[in-house]
Structure formats: structure tokens, C-alpha cells
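Visitor: Below you will find the structure I want to go over with you.
The values are calculated or read from the model by the stated rules, or taken from the named source; none is laboratory data. No experiment lies behind these values; they were computed from the predicted model shown. FYI the Cβ positions are ideal-geometry reconstructions off the backbone, even for glycines, and counts take in every protein chain you see.
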Amino acid sequence: MTNSSSFSNNIVLCVKDIKKVYPNGVVANDGVSFSLLKGEIHSILGENGAGKTTLIKIITGCITPDSGEIYVHGNRVNINSPMDAINLKIGVIHQHFTLIPSLTVAENIALSLPLNFSLDLENIKKKIRDIAKSINLEINPDAKIEELSVGLRQRVEIIKILCQDAEILIFDEPTSVLTPLEVKKLFSMIRELKSRGKSIILITHKVKEALSISDRITIMRRGRIIKTLTPSETNEDELAFLIVGDVRPSFIARESNPGEPLLIVKNLKVLGDRKEIAVNGVSFFIRSGEIVGIAGVAGNGQKELVEALTGLRRVESGSIIFKGMDLTNKSPRFIIRSGIAYIPEDRIRRGVIPNLSVAENLILKSFDSPPYSRSMIMNRNIIESFAQNLINIFGIVTPNSQIAVRNLSGGNIQKLIVARELSNHANVLIAENPSAGLDVRSTETLHQMLSDLRSKGIGILLISADLDEILKLSDRVLIMFNGRIVGELDRNNIDMNKVAKLMLGAT
Amino acid sequence: MIELIIGLLATTMATSTVLILASIGETIVERGGLLNLSIEGTMLIGAFLGFLGAYFTGNLWLGLLMAIIGGIITTLIFGLLVVKLNLNQVISGLAINLLTYGLCLYFFRYTFSQGAMPYLKELIYPLPIPFLSQIPIIGPILFNQTIFVYIALISAPFIYYLLFRTSFGLKLRAIGEDPSIAYRLGINVNKIRYMALILEGILVGMAGGMLCLSMFNVFDVRITGAKGFIAISIVILGRWNPIGALGGAIIFGFTEALSLWVGTLIIGPLSASMSQLLSTLPYSVAIIALLIGGRRAKGPAGLGSPFLKE
């Protein structure tokens, strides 16, 4: 009895029976109860669409729940706006940062603090420097946000909520935008914050991360809390099982049996945004029925290479030959028509038009040709049945084909893009970080799809910052560093140490 | 010759003032992400109520007060449409322009049915500043002007300070860049936008009042002469900065003063049509200035886009 009461004294945040149904009928939180202890790192683990982000938005006052109660230090509270949350010393680092790019670090942080009418930026800058120093961070308060890398922007967010004296810190998928090195730094920072008595909620869909840093792990699935565990009493497999709710599909063993070269890239040179040489004489080929992986730390020319291949960036010299056709510096339209499909990393900005419907997005690359349209008139029936067909085949979860794509979860948007790209009878597929931001199940489905395509004789170029993904799928692995291909390894002959060394530029 | 130039520049200050007040007012709300095209109608209401107030009370200062109140009411109606009801900003602005034009026309004819053109017996005259107005050249240009000119000149650095050195300005600029981020930061987006609109209403209403109370002593629905729209282009030209707006407005005021001055020099049978052609000069300058100066101008990222809470 005494035990339980001291336990309850330690609860800094407690939500009871939270329910939230969105206007479009999605039940995001279905009776969620959860508690956070003082000084713990508590992970909430679940797939995309499990309701984690909704729960966080409710706790931070961005949306109001339909029913349920929230207690902070044992007191019932109403959190109706972000300001209420800040006053209760709840701070959140959103997945999408709440920073204004054209303003400086100090101005952005000032915005989240109670301010006098006459703005004392010098004082705020001093506070930023002090806090940054206390957790061993370096940050220039006068830098504009738009000049900072994603990792640095995240630090600004952390310093911001510390400036607000937050005691409860919530990180919403903090690692999804970071490089492995930045993740390491972030985690040591989170541990540092814990040692200073802060209570931390970490929202993630990455099992390994949750296991490595948490004191407790709560699993969410389809809007409900499934279980709360400590890392010592569980393991990766059990967590993955709890998250997905059924057995994970195992990966198919397979034989490499590539055909003719489809895409031949020779001596490609491409400039980056700042006119620097981003791709420096890259040559490779892709055969039908194989997956060629390009491994490398992000920012070594992969993005520019992909943009050159898809016609989005000018090629300075070299050539891109596809089935005997020269595609060098051709328009994206020409390249698409030739039979090259593309799954972009930035789904929302490059992959779909969020405000158009699922059906419209599915015919984005073929809308102007029969049978979808004839002499400018679109055939709604054919488009609808085509869309329904793809929705069924690819298992896109959507109420109907007429709903705007922005309402779909990331995994379903990705399925939609894959469905569209493959319905075009392409011979080569360029997949750029295709599993970024996807949960375990969606990633598994995606990998299965890529593998099936390979069996059907399609040549796939897989660019990924996730080495596990590259190694799992590729027949051949090319390693890119500093704009060059610095190594090529066969699937059956992979030496992890060598790959890691090549990626980091060692010879 | 020197006296002519001094006269021209002194007229420039007077003709610029309407544009300075209006463009600075518009700069404030555009910094907050609102594109208020109803500034023309706001100015017209200011002129109309200013005229009515002064005509019926016989007191020019009560007229000015009415002009300011009219300006605030009009911008708040715009606020009601776009902030509270989240309607399209462009359409709301244009609708208010049409509405105010119709209302002013109707009530002017209703109030002064037939008969002689009503006019004010007095105008707000220049208020020479002791000592300063005696300085050669600068004195007559800057310090022998009406109170409107002084207010316009002071408002530029004052609003600059407000936008860039106060927490209000910081919040407003953040809203203008991205209202939903500002909201998530705990900023009361609507309240700040209403405050900006009230400031604009004061400045634009005053600009309208100046037309009837200090420049012309009569009212006509065409009195604003698209000055509100010129003010909108000045905002772009001044890069959403009150000091820039001040400079831009003076350039336009100068072309207007120039066309007035050249117009008086032309005599002969064609003088009437020539001076009408000359009066289009400020509008041509607006297009040319935007071509040159407005090309790379980058406004607040969220300008004109609606803000919906989740």
C-alpha cells in the first residue's frame, strides 16, 4: 500500500481513458491510459497510425480529446492550447519542427517565452548560451534557422523547451530525420537530461532505439495501449510482435539471376545546389531482375545522382543510356515515358499532390493517355476501377478512392506511390530511401514488393541511408562517398567492416 | 528656380503622406500574413466619414476622429471575414472595396440630395514647427506641413521599431511566416492579427481623412483614386519594411507632385487632356517600379494563405 502511494507520488503525468475520433471517422485514440514517472525515459512504441502522435498532440494542447482526463502531478488539468501545456512545464519536440526558417535561433526561442513588450533579445541569447553550455551543446543564437542542418534545428528545439523550464520533455520520432551519428549525440543528450531529473517521453517506431534508451516501453496499436514493459523483461522479437500484432513475414531467400543491362550510366558528372561537384564521374549499370543498392552516408551525392537520373537536375557530362536510348538531360516526362519509375524520398512534395484524391494521384503519370482520357476528356469509370484495382492489389488503406491523399498515413501514401509507379509498366525503378518514416509492417510490405518486382525482371536502383535495408535487398552494393563510387560488393561476398570503412571514406 | 524646387518637394511631402500612412499600415498587416486589398475602401470610408464629421460638427478634428474610427471599423470587418471566418483574403478585400464604394456613393447622395456641392469651409492647415521651419530649404519642405505629414514621418521609424524590436512585432512576423507554427508556439494568432488590423485602420483611416480634411475640401467617391492599390505596390517595393515603404511612397508622391506641377505649366487648347494624361504618371511609375524593384522581393512566406486550427 505504501509502495503504491509513493509510486503514485512519483507520477508526473497521467492520462486516463483518452478517446479521440477524427472528423473523417478515424479512431486515433480509443481509451488510452498512460503514466509517466519522474526522471524516467518512457518510450511509446507503435506503427505509423497507431495513435502515438495523436496522444502527444492531446497532451500538448494541439488538439482536444473527445473524452478522457489528464493529470499533472496528481492534479486534474485541462489542456486546451499549446500555451496551457507550456505553463504546465510540458515541452515537446515535434516531428516537424516548430521553427520559423527566416528568423534567427534567438528570435525563434524568444517566440516561445513570455515576453515583455520591448524585446530583450540580448538577455535571451545569454540564456540560450547558458543552457547550451550546461548540456554541452554548441549553438549560435544569431544564426538563421534556414541555414542550419536538421540535427542543429533539433537542438534548437531542445534548447527552446529547456528555456521554457519544461520538466516533461516529449520527443516525437526524433531520430527519423537524423544521421546515425546525430542519433548517438541525441541519445546521450536525452540521458543527460534524465540525469537532471527531467521526465522524458520518446515516441518511436524503432524497436532497437526503444530498447537501448528506455526505462519503460509502452506499446500502442490501433489507438490502444497494448502493454507496458521494461527493456530487461523483453526483447526485439517480442516487441515487434506486440507492435504488429501478428507474425512478421520472413524474408524470402533467393537466387541472383540477372539479365541484360537496362540502364547504363557512364562517367556522370552533376553539380549540387551550390555549384559544387556533387556527382564526380560515376559509372554503373543495372540489369533486369537485380537490385543494385547504393550505400553511403547521406549527402555524398546520392540525391544529385537520383535527380540527374530522373531528369530533375542537369547532367554536366557523361551519359545515361536506357535500353539503347540516350536519356541524358531529357525532360522528366520523356524519362517517365521511356519506362523509368521513381519513388522519391520526399513523398509529400515529390511523390503525390496531397490535395488531389487517391484516384487522381494514381493516374498522375498516365492521366493524359488512353484509356484514362481521350482527347482531353477523362473517363471517370475507367479511372475509378483502375484505382480500386490498385487499392486492392497493394492494400492501400483508405475509406475510398475519392478522399484526398493528405488524409492517408505515410505508409499508405508510400504504397500508393509504389502502386502508381509500377502500374506504368516500367523496366527500371529508382527507389530513394523508400522506407524512410515507415513503420515495421509497411517497411516489410515494401521490401516484399521490391523483391517481387525483381523476380518479375525489373531492374531496381535502391538508394538508402539505412545499411540494413541495402544489405537485405541488394544483389550488388555500390558504396558512394564524396560523389564517387568507391567500392562494389557482391551480395554473397559482403564484409560489413569494409562497407562501413568505405562509407566513411577510408581506403 | 530654387523656390520652384522647394515648392515641388513640399508638395511631394503632402502628396506622399497619404501613401506613406497607407503603405505603412498595409506593411503591418502583411507582415502578419494578411493581404488586405480592402485598403482602398478603408481609405474611402476614412475620407467619407471624415468629411461628414467635419461638415456636420464644423470641427475638423472631430472629422479626423471619425475618419480613424471608420478606418478601424473597415479593417475589423475585413478581419471578421478573413481571421474569424477564414474566407479568402483576396476576395474579401475586393468585396469590401465594392461595398464601401457603393455605400459611400449611396449615403453621400442620400445625405446631400441635389443642390450645390457640399464643401468644408476650412481645411487642416500647415502647422509650422517653431525654429525648425526657419531652416533654409529643409524648413519649408519638412517643417511647414500639416500634422498628417509629421505623423507619417514619425510613424515609419515607430512602426519599424514595433515590427523589429518588440515582442509584438516578432510574434506578428512569425505569424506572417507560418501561422500554424506560431499557433503551436502558443501565440494567439487571431488576437495579434486583430491588433495589426486596428493599427492599419488607424493609419489608413487617417490617410483617407487627410484627403478630405487637408487636401481637398470636398468629397467624391473617386477621391482615393486607387491610392490604396498604389500603397499595396509600395509595400512590395519597400520589401515589407516601413522605412522602405516611406522611401517608396515619397517616390510616388514626387511623381504625383511633378504631374500636378507640369500640368499647371501647360496652357492652350490641349491643356485639359494633357494634364489628365500626366495624372496617369504615378500609375505608370507603379508598374515600372515593380518591374525593377519588386522582382526579387520575397514577402512573408504565409502571406495570403488561410490559417485553420487543427
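Visitor: Of the conditions (1) assigned by TED's automatic domain parsing to the domain that holds A:Leu408; (2) closer than 27 Å to A:Lys266 by Cα, A:Ala419 fails just one. Which one is it?
Guide: Condition not satisfied by A:Ala419: (2).
Okay, residues lined up against (1) more than 15 Å from A:Ile56 (Cα to Cα); (2) outside any helix (DSSP H, G or I):
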| site | (1), (2) |
| --- | --- |
| A:Arg153 | yes, no |
| A:Glu157 | yes, no |
| A:Ile170 | no, yes |
| A:Val177 | yes, yes |
| A:Leu186 | yes, no |
| A:Arg191 | yes, no |
| A:Ile200 | no, yes |
| A:Ile203 | no, yes |
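Visitor: Pull up the stretch A:329-349, narrow it to residues that are hydroxyl-bearing (Ser, Thr, Tyr) and surrounded by fewer than 18 Cβ atoms within 10 Å (Cβ to Cβ), then point me to the one that is nearest to A:Ile460 (Cα to Cα).
Guide: Ranking the qualifying residues of the stretch A:329-349, first place goes to A:Ser338.
Visitor: Given A:Asn136, A:Asn140, which one is outside any helix (DSSP H, G or I) and over 18 Å from A:Ile93 (Cβ atoms)?
Guide: A:Asn140
Yes or no, residue by residue, for (1) in contact with a helix residue (DSSP H, G or I) (Cβ under 7 Å, 6 or more places away or on another chain); (2) acidic (Asp, Glu):
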position	(1), (2)
A:Glu276	no, yes
A:Gly301	no, no
A:Arg349	no, no
A:Leu362	yes, no
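Visitor: From B:Ile129, B:Ile124, grab the single residue that is touching a Phe, Trp or Tyr at 6+ places or on another chain (Cβ under 8 Å) and farther than 19 Å from B:Gly46 by Cβ.
Guide: B:Ile129
Visitor: Follow-up. Which ones in the stretch A:92-132 are under 20 Å from B:Asp178 (Cα atoms), within 11 Å of chain B (Cβ to nearest Cβ) and either touching a residue at least 60 places away in the same chain (Cβ under 8 Å) or among the hydrophobic types (A, V, I, L, M, F, W, C) (or both)?
Guide: If we filter the stretch A:92-132 for residues that are under 20 Å from B:Asp178 (Cα atoms), which is where we start, we get A:92-115.
Those left that are additionally within 11 Å of chain B (Cβ to nearest Cβ): A:92, A:94, A:96-104, A:106-115.
Once the filter is applied, which keeps residues that are under 20 Å from B:Asp178 (Cα atoms), within 11 Å of chain B (Cβ to nearest Cβ) and either touching a residue at least 60 places away in the same chain (Cβ under 8 Å) or among the hydrophobic types (A, V, I, L, M, F, W, C) (or both), the stretch A:92-132 yields A:Val92, A:His94, A:Phe97, A:Leu99, A:Ile100, A:Leu103, A:Ala106, A:Ile109, A:Ala110, A:Leu111, A:Leu113, A:Leu115.
Visitor: Could you please give the count of residues in the stretch B:159-172 that are of a type outside the set (A, V, I, L, M, F, W, C), facing chain A (nearest Cβ under 7 Å) and under 20 Å from B:Gly244 (Cα atoms)?
Guide: Of the residues in the stretch B:159-172, 2 are of a type outside the set (A, V, I, L, M, F, W, C), facing chain A (nearest Cβ under 7 Å) and under 20 Å from B:Gly244 (Cα atoms).
Visitor: Hey, another quick one. Are any residues in the stretch A:399-457 aliphatic (A, V, I, L, M), in a loop (DSSP other than H, G, I, E, B), over 19 Å from the mean Cα position of the chain (by Cα) and within 16 Å of A:Val352 (Cβ to Cβ), and if so, which ones?
Guide: Matches in the stretch A:399-457: A:Ile403 only.
Visitor: Next question. In contact (Cβ under 8 Å) with a residue 60 or more places away in the chain, away from chain B (no Cβ under 13 Å), crowded, with 23+ Cβ neighbours inside 10 Å and at positive phi: is that true of A:Gly51 in this structure?
Guide: yes
Visitor: Here is a check on your reading of the model: is A:Ser256 modelled with pLDDT of 90 or more, over 29 Å from the mean Cα position of the chain (by Cα) and either among the hydroxyl-bearing types (Ser, Thr, Tyr) or within 30 Å of A:Gly223 (Cα to Cα) (or both)?
Guide: Numbers: modelled with pLDDT of 90 or more: no; over 29 Å from the mean Cα position of the chain (by Cα): yes; either among the hydroxyl-bearing types (Ser, Thr, Tyr) or within 30 Å of A:Gly223 (Cα to Cα) (or both): yes.
No: the conditions fail for A:Ser256.
Visitor: Check B:Ile69 against each of (1) more than 20 Å from B:Asn97 (Cβ to Cβ); (2) in contact (Cβ under 8 Å) with a residue 24 or more places away in the chain; (3) surrounded by fewer than 24 Cβ atoms within 10 Å (Cβ to Cβ) and name the one condition it does not meet.
Guide: Here B:Ile69 meets the rest and fails (1).
Visitor: Does the stretch B:151-181 hold any residues that are in contact (Cβ under 8 Å) with a residue 24 or more places away in the chain and over 24 Å from B:Gly208 (Cβ atoms), and which are they?
Guide: B:Phe168, B:Gly169, B:Arg173, B:Ile175, B:Gly176, B:Glu177, B:Asp178, B:Pro179, B:Ser180
Visitor: Right, here's the next one. Restricting to the stretch A:277-324, give me the number of residues that are of a type in the set (S, T, N, Q) and outside any strand (DSSP E or B). Show your work before the answer.
Guide: Narrowing the stretch A:277-324 to residues of a type in the set (S, T, N, Q): A:280, A:283, A:288, A:300, A:302, A:310, A:317, A:319.
Subsequent filtering for residues that are outside any strand (DSSP E or B) retains A:288, A:300, A:302, A:310.
Of the residues in the stretch A:277-324, 4 are of a type in the set (S, T, N, Q) and outside any strand (DSSP E or B).
Visitor: Answer yes or no: is there a residue in the stretch B:289-300 that is within 20 Å of the chain's Cα centre (by Cα), within 14 Å of another protein chain (Cβ to nearest Cβ) and either surrounded by fewer than 18 Cβ atoms within 10 Å (Cβ to Cβ) or among the small types (Gly, Ala, Ser) (or both).
Guide: yes
Visitor: While we're on this one: May I ask you to verify whether B:Ser259 is under 30 Å from B:Leu60 (Cα atoms), free of Cβ contacts under 8 Å to residues at least 60 places away in the same chain and either surrounded by fewer than 16 Cβ atoms within 10 Å (Cβ to Cβ) or small (Gly, Ala, Ser) (or both)?
Guide: Details: under 30 Å from B:Leu60 (Cα atoms): yes; free of Cβ contacts under 8 Å to residues at least 60 places away in the same chain: yes; either surrounded by fewer than 16 Cβ atoms within 10 Å (Cβ to Cβ) or small (Gly, Ala, Ser) (or both): yes.
The answer is yes for B:Ser259.
Visitor: What number of residues within the stretch B:126-168 are over 20 Å from the mean Cα position of the chain (by Cα) and part of a helix (DSSP H, G or I)?
Guide: 11
Visitor: Residues in the stretch B:78-90: is at least one free of Cβ contacts under 8 Å to residues at least 24 places away in the same chain and closer than 30 Å to B:Ile141 by Cβ? If you could, list the steps in order and put the result at the bottom.
Guide: At the first step, the residues of the stretch B:78-90 found to be free of Cβ contacts under 8 Å to residues at least 24 places away in the same chain are B:80-81, B:85, B:87.
Right, trim to closer than 30 Å to B:Ile141 by Cβ and you get none.
Scanning the stretch B:78-90 turns up no residue that is free of Cβ contacts under 8 Å to residues at least 24 places away in the same chain and closer than 30 Å to B:Ile141 by Cβ.
Visitor: Identify, please: which residue in the stretch A:214-233 is of a type in the set (Val, Ile, Thr) and in contact with a helix residue (DSSP H, G or I) (Cβ under 8 Å, 6 or more places away or on another chain) and is, among those, surrounded by the fewest Cβ atoms within 10 Å (Cβ to Cβ)?
Guide: Out of the qualifying residues, it is A:Ile226.
Visitor: Residue check: is A:Glu138 under 22 Å from B:Gly302 (Cα atoms) and exposed (fewer than 13 other Cβ atoms within 10 Å of the Cβ)? It would help to see each step written out before you state the result.
Guide: Numbers: under 22 Å from B:Gly302 (Cα atoms): no; exposed (fewer than 13 other Cβ atoms within 10 Å of the Cβ): yes.
In short, no.
Conditions tested, residue by residue: (1) farther than 24 Å from B:Tyr283 by Cα; (2) within 14 Å of another protein chain (Cβ to nearest Cβ); (3) in a loop (DSSP other than H, G, I, E, B).
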| site | (1), (2), (3) |
| --- | --- |
| B:Ser180 | yes, yes, no |
| B:Gly186 | yes, yes, yes |
| B:Lys191 | yes, yes, no |
| B:Leu197 | yes, no, no |
| B:Met206 | no, no, no |
| B:Ser214 | no, no, no |
| B:Val221 | no, no, yes |
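Visitor: Can you go through B:Phe148, B:Phe108 and tell me which one is in contact with an Asp or Glu (Cβ under 9 Å, 6 or more places away or on another chain) and in contact (Cβ under 8 Å) with a residue 60 or more places away in the chain?
Guide: After applying the criteria, what remains is B:Phe108.
Visitor: Take the conditions in contact with a Phe, Trp or Tyr (Cβ under 8 Å, 6 or more places away or on another chain) and either assigned to a loop (DSSP other than H, G, I, E, B) or aliphatic (A, V, I, L, M) (or both) and apply them to A:Ile485. Does it pass?
Guide: Considered against the rule, which asks whether it is in contact with a Phe, Trp or Tyr (Cβ under 8 Å, 6 or more places away or on another chain) and either assigned to a loop (DSSP other than H, G, I, E, B) or aliphatic (A, V, I, L, M) (or both), A:Ile485 comes out as yes.
Visitor: Report yes if some residue within the stretch B:141-151 is exposed (fewer than 15 other Cβ atoms within 10 Å of the Cβ) and among the aliphatic types (A, V, I, L, M); otherwise report no.
Guide: no
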